[in-house]
Every structure is written in structure tokens, then in C-alpha cells.
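Participant: I'd like to ask you about the structure that follows.
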Amino acid sequence: MGLGVGLATLYLSLIVLIPLTAVVWKSSDAGLSGFWRSVTNPEAWAALRLTVVASLLVAVINVVFGTLIAWVLVRDDFPGKRAVDGLIDLPFALPTIVAGLVLLALYGPQTPIGIDLAYTRTAVLVALLFVTLPFVVRTVQPVLMELDRDMEEAAASLGAGNVTIFRRVVLPNLLPAILAGTALSFARAIAEFGSTVLISGNIPFKTQVSAVQIFGQIESDNRTGAAAVATVLLIVALAVIVALDLIKRWSARRG
Amino acid sequence: MTKRFGDFVALEDVSVDVPSGSLTALLGPSGGGKSTLLRIIAGLEQPDSGMVEIAGSDATRLPPQRRNVGFVFQHYAAFKHMSVYGNVAFGLEIRKRPKQEIRRKVNELLELVHLEQFAHRRPSQLSGGQRQRMALARALAVEPQVLLLDEPFGALDAQVRKELRKWLRRLHDEVHVTTVFVTHDQEEAMEVADSIVVIAGGRIEQVGTPSELYERPANDFVMSFLGPVTKLGDQLVRPHDLHLRNAPDGSTLEGTVVRVLRLGFEVRVEVVIDGVDLWVQLTREQVDGLNLEPGSVVHVRPARRGREPSVVPACAIGP
Amino acid sequence: MAKWGLRLAALVYLLFLLVLPVGLVFWRTFEHGLGAVWKQLTEPNARHAFEVTLKVAVLAVVLNTVFGVLLAILVVRHDFPGKRLLNAFIDLPLAVSPVVVGLALILVYGKFSTFGGWLADRGIQVIFSLPGMVMATIFVSLPLVVREVAPVLEEIGIEQEQAAWTLGAGPLQTFCRVTLPAIRWALAYGAVLTLARSLGEFGAIAVVSGRLVGKTQTLTLYVEQQFQNFNVAGAYAASFVLAFIAVVILVGVNVLRPKEGEA
């Protein structure tokens, strides 16, 4: 057993822990002021702002549409539902660069439906929505399936209308799952790279997300600058994981 | 031996001797330590202090693989992905026995437990009772020195439980393996076991045959755990050990009838004496000739001199 | 009535976000016929990219499966100080940006770092070469096998394994004969998820591979390159292959999932 722990820790360390520590370490190369300068330089800052704002927006949209889709998949029935259900996982299985290409085909210069979003911030939004689609849906679905219909029936017998039932009986029970899915979708959106690369044009200050900006810094050999912004993203990632753990424990306590 | 889980003392200074070839029950309320004791014997837990001796040799340091004990779990622990045959054959395959021998033994055992026609089914296709019989066959296949059963019938219906109890007793009479089983059901222990060890709160309360425990309980706990009790004065007595008369006879206490319940063969008379409730168990014949209207006066005395202290408490001595 | 509204809203959202874009690409790929697609796919660079992708994917799947099972057993069956921390670290890769993954690996294993330099002196090149790409892929797919196997291990409980011990089976025998069969579907599912992830990885690979055409260029990198070089047909063709495999995996995975019930 000691061997098992040792081996597993080694594996984790070599691949995950040591490299991530190296990023944080490298970002301190130029001291705290250097770190701050790398993060607040206009290009990096613009990218961070865009990334965070877009991710928050996407998280909100996902709360609404994710829950909606989960609801329809669980409570509704129509021919082809199983296919639609399987389709939800497509963004998980599709390479991000292909996702970008796919969105560009429909919403780029060659659009057959007249919507050209190339080089706009909306394009970034659409790309992020695509890759984060499954998160809220897949966390809410199982909870919805397990939900005891008795509660809703009791509420109806007491005179509550459908909207009230949803708001006061269903939603509170779905809340932990929705929050968990939202946290995951936010974390994914913040980190996204491949799907935005093609459709946004990566125009600095306009449509460049943080991951792309970091990439640019690496290519220009400014690893310290890249590490600084990367550390910011890592801190956010860590915060999300902690939040997820707290949500899980909170929901376990509610029973 | 002693065993702690964090702050919880599961077993405190417990010492048990199980004679070879006997069928012993570890009886007690839930959480009392009996399952822990069983698992320590099997090697699935380690005691904090003390030792385990099996057939004269020290087994304390041995892992479960090498103790040659058979263990039957409450929830069967069936190998779900193997057939019934595969389950029973498992121990023999591990020991690299030749295929013919395995086939012979497994078929023998399946016949013994009446599961021959299920040999190629999966455990999930069997009922609870059948699964437990399979688990028993599996444990017996490796010819263990000791057979341990942890609440083996706990997950089964009352009817199946009763059947399997008789069946276990008959099996033991045929096979004669030293058997220890854990239960919280005193009826089960009394019906099946040669000797009962009563464990509660991590300590041994009494050891003895079923009738010893019933007739001469060592303390109030054992008495109330193993059979019905009621209080006469400040003593615990068995409700069927009380005499009820309409007239006093010098050694009786006077009380008033509260209620009479006729439950088939048994008649229960609830009486109040000096403000204290008790009940007397009588047969229908005993009731004939008595005036037992609610409110009528009756006189109660024990049929014998209450409970006698048992000669040897047989409690803990040493670690 | 409300039901129709909800259904419509959900389906329209999915139509415009998912179905139309993907459908369009499938359409555009074959616009010029099967032959044109085949020509694009049999280009030497395309073929090399496919080979590289496959090599990386297979190695990543094997390593991740083996260590994933070990980690799952560790986390579920054992108790040790720091276990909660280990658990959190296993989930970490889900939230890290792929570009950061690449950067992290370069900093530790690149030629100009201490460790990387030491390895380079011994002729082992990690970055801009296969090992680095495999490591990057393992990083991003680390949780996938663990998180599938761990709940199943938890659910089947330790009693079957204990029963095997009392019947004389040692730890390895118990693992092979009792544990492994019980987790095989969860394992398969996790391995398939890892495969999908490996085939699709872009960002981390982009950083770590150096994008040496013909040597460290995976199919995803190939797609990007072809697009930037205005060979849209080539990009679409390679994308089609990747998307097709993704769909096959999706279908396969949906078929596998119900089987978990019988584990």
C-alpha cells in the first residue's frame, strides 16, 4: 500500500504538480512588480477582461438554457429524443479546433444563413457556448431524474400553479446541481483556446482571449509574462475547484 | 482482547473459548461488538491488544488468506460476475486444485445446499435465501477449520430466515465444522446454537447453553434480552413464572387487573401493583376459574424464587 | 402549451448551436465529392498527422488507464493523511487551460530548464517530441478514468474482495479475479473518454509539440495549419475524420453506458 501511494504520488507529481508549480514559480521571476506588470499590460488586461466577462455571460446563459434542455430531456418525450440526448455530449467529444471550424462555417464569411460573426466578440461568446453546452445539462439531468415527483404533486394538490411549483419546489432542489454545472462551465470557458482561435481572429484588445494571449507570449519567448497570466488563470481554476467541493458538501448536508 | 475505533470502544477485555465442532452464537444488540469480534477472528480486523488462536496455533499475525476460515457475509458478498459454480469453485481454483477434483467438490456442495440446478446461473438470478446457501457452499468448499457467519440471515424474510435456521443446524450436524455465528435475534440463537455468548457494549455478559442463559441469567440485561420479563416489586421475573390467585396466601402481593388479552393459546393479564405495571402470562386452562374482570382484585406471587444467580458469571478475565 | 414552448426553445437553441454548424461542415466537406476528400486525406502530411495522433493517443490511453485504476483504488480503498488533497489534485486538470498545461510542461521538461537539460544530456528529448505530447495528453485526461472507476469501486463495496481473501486469494489474485471484472465497463468507458480527449487535444499539444510538420503535428494541428494556409478543403477533410470518430465514439459510449448497470 505504501508502494501504491508512492507510485501514484510520483505519477501525479511528475505530470501535474511539479509542472504547475513551475508556472507559478516562473511567474515570480521578475518579482511581484514584474508579475503585476505582466498581468496589467494593456494587451493581457484586455484579454483577461474579455475572458472573464464572456465566461460569466456564458455561465448565465448556460444556467438558463442548460436547465431548460435538461428539463426537456427528462420530462418531455418526442421522437428522436434519445438522439438529441446523445448529441449533447458532442462538444465533449469534438476537438476544439474542429468546433471552431464548424462554427466558422455557419457564422463566418461563407455563412449560408446571413450571419457573419467572424472577428467579433459575439463569435467568442458563441464558441464558448458551444464548448460549455454539456456542463449544466449533464449535472442537472441526473438530479432531475431522481427527483421525487411526489413533492410536485403535493404542491399541486395545495393549489400551486406550474410556475410556482417550479420556482419553489423544483428549483431549490436543482440548485446545487445547477451551481456545480455553472462552476464547471465557467472554469472551462476561462480556459478555452482552440475553438476561439479561428473564428475570433484573435485580434488583440478586441477578440483575444487570455489563453490565446498566453500562447502569443510563449511563442515570443516571454515565458515569464506568459507564466504570470497563466498563474492568474490557475488561481481562478483553483477557486472554482474549491467552490465545487463546497457546493458538493453543502448539498450533501441538505440531504 | 480489546479493539477501539477512534474513541469508540468496540471490544473491551473480551475473552472467548469456542470448543471444536460446536455451533456457537455471538448474541447481542446492534453495535455491541459481536461483528467486530467475528471479523477479528477472521482476520478482517486487527485487535489493538490480545490474540487469536485457531486450533491451537497463534493466528493473530496471519492475514485472512492464511487462516483457513470460512466467512459468510450478511449481504452475501457474491461474486456478481461469476456463475454460482464459479463462486463455489473460487477457493479451490485459488489453491490450484485439479479440474476434476474441483468439479466433484463443487457438485457435491451444490447438492448439499440444494442448488444443483442453479450451477450456471448468476447470483443476481437467485433469491436471497439461495444466495446465502451459495455463500455457505463457497465457504465450505475450502474445508475451513472454522466457519464464521455474520448475521447470515439478517437480510432475509422472516419465513426464509426460519427455514435457513433449521437448515444451518442440520448442516452443522452433518458436517461438524466449528461454527460461530453472529445474531441479534435471541430466538435464532436459542434455536440453533449449542452455546451462546452474550455480548453487549463491548463486553461479554454471559456464556452458556440456551437453557442456562434462559433459566439462570447472570444479570438483568441477559434476562431481558433472552426472554420476556416483567417487574415484581424490585425484581425481574418471567411473566410465565408468576402465579395469579383471587385470594391471598401469605406470600402474595395484591394488585388490580387492568386488562386481559387473549392471544390464542396465551392469555396476557395486565396488572397494577402499588402503582407499578406488570403482566402475567397464563394458559387458557389457568385462566378458567379466575375472576379477571378489569378492576378485580388479584394476588400475585412468583412460581419459584425469582431468578437464581448463575454459578459462574463466565465474564471477562484478562485481555 | 408551455411544454411545446419549452421544447421548441430547447430544440432551436440546439439547432443553431450544434446541429446546423456540424451538419454544414459535413455538407461542405463532401461538396466536391468523395474523391476530393480522399485526395486531401491521403496527402503525406495528413497521413503523418494521423499517425502521430494515433501514436500519442494509444500511449496516453494505456498509461492513463493503468494509473487511473491505481489512483481509483488508492482513493477509494485506502485512508492516508492528505487524501482529500490528492482527490482535489486529481480533479485539477479539468479546470486548467490547455495552453497553461503546455507552458507548465515546457518549464519543467524544456531543454533550457534544469531537469529538461539533464534529460537532454542523456539524449531524452521531451518537449517538441513524442514524450512531451503524451504527457500533455495524460495531463488533460487524468481525471477521466479515475472518476469513472472510483464510484463503481465505491458502490460494489469491499465485501466481495474480503470474501476472496477469506477464500485464500492474495491481493493480486483478488484484483484480477474479483475487482477487475467488476469495474470493467467503467474502465472501458473511461478509456474511451480518454481516447476521445486524446484525439481532440489542441491547445496543450500546440504549445508542447513545436508543430513540426510530419514529426510532431497531430491531426488537430494539421486542421489549423491547413486553414491558415487557405487549404479549406484539407482542413474540412481532416475535421471530418475527427468529427466522424467523435460521433462513433459518442454512439459507442452510449451503447456502453447501460451496461454499467450489470457491473
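Participant: Can you spot a residue in segment A:67-90 that is under 30 Å from A:GLY216 (Cα atoms), facing chain C (nearest Cβ under 8 Å) and buried (at least 21 other Cβ atoms within 10 Å of the Cβ)?
Facilitator: Yes, that holds for at least one residue.
Participant: Identify, please: which residue in segment A:1-26 is surrounded by fewer than 13 Cβ atoms within 10 Å (Cβ to Cβ) and either in contact with a strand residue (DSSP E or B) (Cβ under 9 Å, 6 or more places away or on another chain) or more than 14 Å from C:ILE138 (Cβ to Cβ) (or both) and is, among those, modelled with the highest pLDDT?
Facilitator: Going residue by residue through segment A:1-26, those that are surrounded by fewer than 13 Cβ atoms within 10 Å (Cβ to Cβ) are A:1-3, A:6, A:10.
From what is left, the residues that are either in contact with a strand residue (DSSP E or B) (Cβ under 9 Å, 6 or more places away or on another chain) or more than 14 Å from C:ILE138 (Cβ to Cβ) (or both) are A:1-3, A:6.
Working: A:MET1: 59, A:GLY2: 64, A:LEU3: 74, A:GLY6: 77.
Step by step, filter segment A:1-26, then rank; the result is A:GLY6.
Participant: A further question follows. Please list, ordered by residue number, the helices (runs of 4 or more DSSP H) wholly in segment A:21-109 having 2 or more residues that are over 26 Å from A:ILE178 (Cβ atoms).
Facilitator: A:31-40, A:42-75, A:96-107
Participant: Scanning segment B:39-68 for residues that are polar (S, T, N, Q) and more than 10 Å from chain C (Cβ to nearest Cβ), which turns out surrounded by the most Cβ atoms within 10 Å (Cβ to Cβ)?
Facilitator: Among those that are polar (S, T, N, Q) and more than 10 Å from chain C (Cβ to nearest Cβ), it is B:THR60.
Participant: Show me the helices (runs of 4 or more DSSP H) found entirely inside segment A:193-255 where at least 3 residues are surrounded by fewer than 24 Cβ atoms within 10 Å (Cβ to Cβ). Break it down stepwise before answering.
Facilitator: Numbers: elements: A:194-199, A:210-219, A:223-254.
Where helices (runs of 4 or more DSSP H) fall fully within segment A:193-255 and carry at least 3 residues being surrounded by fewer than 24 Cβ atoms within 10 Å (Cβ to Cβ), they are A:210-219, A:223-254.
Participant: Here are some residues: A:ALA59, A:ALA54, A:ALA46, A:ALA22. Which one is over 23 Å from the mean Cα position of the chain (by Cα) and within 30 Å of A:ALA228 (Cα to Cα)?
Facilitator: Just a single option satisfies the conditions, and that option is A:ALA22.
Participant: Confirm whether C:ALA163 is out of contact with any helix residue (DSSP H, G or I) (no Cβ under 7 Å at 6 or more places or on another chain), buried (at least 19 other Cβ atoms within 10 Å of the Cβ) and in the same structural domain as C:VAL37 (by TED's automatic domain parsing). Step through it out loud before you land on a result.
Facilitator: Values: out of contact with any helix residue (DSSP H, G or I) (no Cβ under 7 Å at 6 or more places or on another chain): yes; buried (at least 19 other Cβ atoms within 10 Å of the Cβ): yes; in the same structural domain as C:VAL37 (by TED's automatic domain parsing): yes.
When the stated conditions are applied, C:ALA163 passes them.
Participant: Ok, one more. Quick one: which of B:PHE71, B:PHE90, B:PHE79 is hydrophobic (A, V, I, L, M, F, W, C), part of a helix (DSSP H, G or I), surrounded by 14 or more Cβ atoms within 10 Å (Cβ to Cβ) and facing chain C (nearest Cβ under 9 Å)?
Facilitator: Answer to the selection: B:PHE90.
Participant: How many residues does segment A:27-62 hold that are within 13 Å of another protein chain (Cβ to nearest Cβ), surrounded by fewer than 23 Cβ atoms within 10 Å (Cβ to Cβ) and in contact with a Leu (Cβ under 9 Å, 6 or more places away or on another chain)?
Facilitator: The qualifying residues number 2.
Participant: A further question on this structure: With within 14 Å of chain C (Cβ to nearest Cβ), in contact (Cβ under 8 Å) with a residue 24 or more places away in the chain and over 22 Å from B:ILE40 (Cα atoms) as the only criterion, which of B:VAL146, B:VAL106 stands out? So that I can check it myself, show each step before the final result.
Facilitator: Working: B:VAL146 fails: over 22 Å from B:ILE40 (Cα atoms).
Selected residue: B:VAL106, the only one of B:VAL146, B:VAL106 that is within 14 Å of chain C (Cβ to nearest Cβ), in contact (Cβ under 8 Å) with a residue 24 or more places away in the chain and over 22 Å from B:ILE40 (Cα atoms).
Participant: Which of the residues belonging to segment C:76-91 are over 20 Å from C:PRO181 (Cβ atoms) and touching a residue at least 24 places away in the same chain (Cβ under 8 Å)?
Facilitator: C:ILE90, C:ASP91
Participant: Select from segment C:122-135 the residues that are assigned to a helix (DSSP H, G or I) and in contact (Cβ under 8 Å) with a residue 24 or more places away in the chain and write down the one among them that is nearest to the other protein chains (Cβ to nearest Cβ).
Facilitator: In this case the residue turns out to be C:MET135.
Participant: Looking only at segment A:98-143, count how many residues are within 22 Å of A:THR67 (Cα to Cα), more than 17 Å from the chain's Cα centre (by Cα) and either among the basic types (Lys, Arg) or away from every other protein chain (no Cβ under 13 Å) (or both).
Facilitator: 1
Participant: Where in segment C:47-121 are the helices (runs of 4 or more DSSP H), entirely inside, with at least 1 residues that are within 9 Å of chain A (Cβ to nearest Cβ) and within 24 Å of A:GLY181 (Cβ to Cβ)?
Facilitator: C:83-91, C:98-109
Participant: I'd like to verify a number: residues in segment B:110-134 that are assigned to a helix (DSSP H, G or I) and in contact with a Lys or Arg (Cβ under 8 Å, 6 or more places away or on another chain), how many?
Facilitator: Count: 2.
Participant: Let me ask you something else. Would you mention how many residues in segment C:136-162 are within 10 Å of another protein chain (Cβ to nearest Cβ) and either at pLDDT below 90 or not in a helix (DSSP H, G or I) (or both)?
Facilitator: 3
The values are calculated or read from the model by the stated rules, or taken from the named source; none is laboratory data. Note that this is a predicted model, so its numbers are computed, not measured. Backbone-built Cβ (ideal geometry, glycine too); neighbour counts: all protein chains shown.
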